[in-house]
Structures are given as C-alpha cells and as structure tokens.
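Asker: Next up is a structure, given as structure tokens.
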Amino acid sequence: MTKNYQRFISFEGIDYSGKSTQVKMLVKRLQRLGVEPVVLREPGGTRISERIRDILLDTAYFEMHEKCEILLYEAARAQLVHQKIIPLLESGRFVIADRFFDSSSAYQGFGRGLTLDEVKQLNRFATSALKPYRTFFIDISPQEAQRRQVANNRTRDRLESAGIEFFTKIRQGFLTLCEEEPGRFIKINGEGTPAEVAEKVWAKIVKIWELHFNFDAAK
Ligand code: TMP
C-alpha cells in the first residue's frame, strides 16, 4: 500500500473548465515563493503515457470499446505514477496532477457507464492506491463549457466530441465524488475570470500547505 503524500494535489473538471490555466497560474505563484512544483498531465507525462494519450484522443479511433478506453487510461496512469509521481514525492518535490484517477471515475464511470466499483478497482490497481492529498474540482456548467468551446473555435478531440449530455453526466459524476469525499475535494466555482478563480484556489492552497510547510503567503 502506497503512502499518501501531502505535497501531492490534483486538478479536475470537465473539458473547458479552465483547470490547466489554473494549474499554470498556481505554479507561477508558488515559484514566487521559491517552490518549484512538478506538473504532470493525464493522460501523459511519460514517453509511454504520451503515446497512449495520442491513441486515446485520436478521433480516428471511433470504434474504441469503453473497456479498452479505461484500460488505456489506467495503463498511462500506472506508468506515470510509478515512473514519476512516487519517485518525485519521495524526493520531497511538490507534484500537481492536471487530472488524475477521479477523471476515470467521472468520464468512464459516470460518463461511459462502467460501474463505479469497476473503475475504482482499476484506479487502485494502476496507482498502487496513491491518492492526492487534496483535489480541486473546477466546476463549470456544461452550457458554459459549450459556450467556451464555440468561442475558442477549437477542434474537438475524441472525448470532447461526445456532446453536452455526456458532459452533464460527467459533471454530475464529479459532484457525486465531491460529496463522497468532502475531506479531499475542494470545489471551486470556475465561471469567473481566470484571475478570480485563481484567487479562490490560492486561498485554499495557503490553508492546505501553509499549515504544513510554513509558506509566507504575503510574499
Ligand atoms: P485534457 O483535455 O484535460 O488533457 O484531458 C484529455 C481528455 O481525456 C479529456 O476529455 C478527459 C479525458 N479523460 C478521461 O476520459 N479519463 C481519464 O481518466 C483522464 C485522465 C482523462
């Protein structure tokens, strides 16, 4: 059983929630305090996991079965956890995951309709039971996600092509996960400006980490 590390947090949200922007803003703020966190994205973050990411997001593979899909996410995750995340945490680094296993629970469990028990077992297997100390859920409505998608005129990857009903299910899934583990999840309203959302995230980060690592938040 892997131990859980206080220096490990994750960010979650439906597509277009702005979580990756928030991760970047948080990193800049931490760097100003002399903290150099490592950011790892899922699926991805290692040579093998990035190759798996290409397959997962490629719209050419429309025939992908949902069991194949989750096993590929878990394969990418297993490599990332054991090759990078655990060694980094062991060496004392701060690690921020841009998505982690809660995405599989929300997308493959609530979204695709695999049972949550199945997904959770696979999550546990892939991660050797490693959990983020805190998980930020950046919450936006599926309507807002769609508005941002149109505004950005972005081409959709294989997952994003699924439509608004799919994202409604996933958001509900994340909200259920937040209720199941209120001690780990921190729900943040993601519909403000990036700077407004970043302030809310920072207020929580200061509480979480100042306690343990004596950050000087005023710096
Ligand atoms: P990204 O757009 O945040 O980089 O994530 C890639 C896509 O993969 C996104 O649509 C969410 C999806 N995804 C899952 O369906 N299950 C997972 O376990 C992970 C990590 C991502």
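The values are calculated or read from the model by the stated rules, or taken from the named source; none is laboratory data. Computed from a predicted model, the values in this text were never measured in an experiment. Glycine gets a Cβ as well: all are built from the backbone with ideal geometry, and neighbour counts include every protein chain shown.
Asker: Could you check how many residues of segment 29-88 are without any contact (Cβ under 8 Å) to a residue 40 or more places away in the chain, surrounded by fewer than 16 Cβ atoms within 10 Å (Cβ to Cβ) and over 19 Å from G113 (Cα atoms)?
Answerer: 10
Asker: For a quick check of your reading of the model, give me the residue pairs whose first member lies in segment 107-120 and is without any contact (Cβ under 8 Å) to a residue 60 or more places away in the chain, whose second is near the ligand (Cβ under 8 Å from one of its atoms) and hydrophobic (A, V, I, L, M, F, W, C), with beta-carbon atoms closer than 7 Å and at least 6 apart or on different chains.
Answerer: Pairs found: Q108/I70; L114/I70; V119/I70.
Asker: Let me ask another. Scanning for something over 19 Å from the mean Cα position of the chain (by Cα) and either crowded, with 19+ Cβ neighbours inside 10 Å or at pLDDT below 95 (or both), does segment 164-178 turn up at least one residue? Show your work before the answer.
Answerer: The initial filter retains those residues of segment 164-178 that are over 19 Å from the mean Cα position of the chain (by Cα), namely 164-165.
Among the residues that remain, those that are also either crowded, with 19+ Cβ neighbours inside 10 Å or at pLDDT below 95 (or both) are: 164-165.
There is at least one residue in segment 164-178 that is over 19 Å from the mean Cα position of the chain (by Cα) and either crowded, with 19+ Cβ neighbours inside 10 Å or at pLDDT below 95 (or both).
Asker: Report yes if some residue within segment 144-162 is under 16 Å from F100 (Cβ atoms), of a type in the set (V, I, T) and away from the ligand (no atom under 16 Å from the Cβ); otherwise report no.
Answerer: Within segment 144-162 (the criterion being under 16 Å from F100 (Cβ atoms), of a type in the set (V, I, T) and away from the ligand (no atom under 16 Å from the Cβ)), the answer is no, since none of the residues qualifies.
Asker: Restrict the check to segment 168-181 and report whether at least one residue is over 25 Å from E74 (Cβ atoms) and either within 15 Å of the ligand (Cβ to nearest atom) or free of Cβ contacts under 8 Å to residues at least 60 places away in the same chain (or both). Reasoning before the result, please.
Answerer: Residues of segment 168-181 over 25 Å from E74 (Cβ atoms): none.
No: segment 168-181 contains no residue that is over 25 Å from E74 (Cβ atoms) and either within 15 Å of the ligand (Cβ to nearest atom) or free of Cβ contacts under 8 Å to residues at least 60 places away in the same chain (or both).
Asker: Wholly within segment 1-100, which helices (runs of 4 or more DSSP H) include no fewer than the required count, namely at least 1 residues that are closer than 26 Å to V206 by Cα and either modelled with pLDDT under 95 or touching a Ser or Thr at 6+ places or on another chain (Cβ under 6 Å) (or both)?
Answerer: Values: elements: 19-32, 47-57, 66-80, 86-90.
Per the criteria, 19-32.
Asker: Determine, yes or no, whether S103 is of a type outside the set (A, V, I, L, M, F, W, C) and under 19 Å from F11 (Cα atoms).
Answerer: Values: of a type outside the set (A, V, I, L, M, F, W, C): yes; under 19 Å from F11 (Cα atoms): yes.
So S103 fits the description; yes.
Asker: Tally the residues that are within 8 Å of the ligand (Cβ to nearest atom) and among the polar types (S, T, N, Q), restricting the search to segment 31-78.
Answerer: Within segment 31-78, residues that are within 8 Å of the ligand (Cβ to nearest atom) and among the polar types (S, T, N, Q) number 0.
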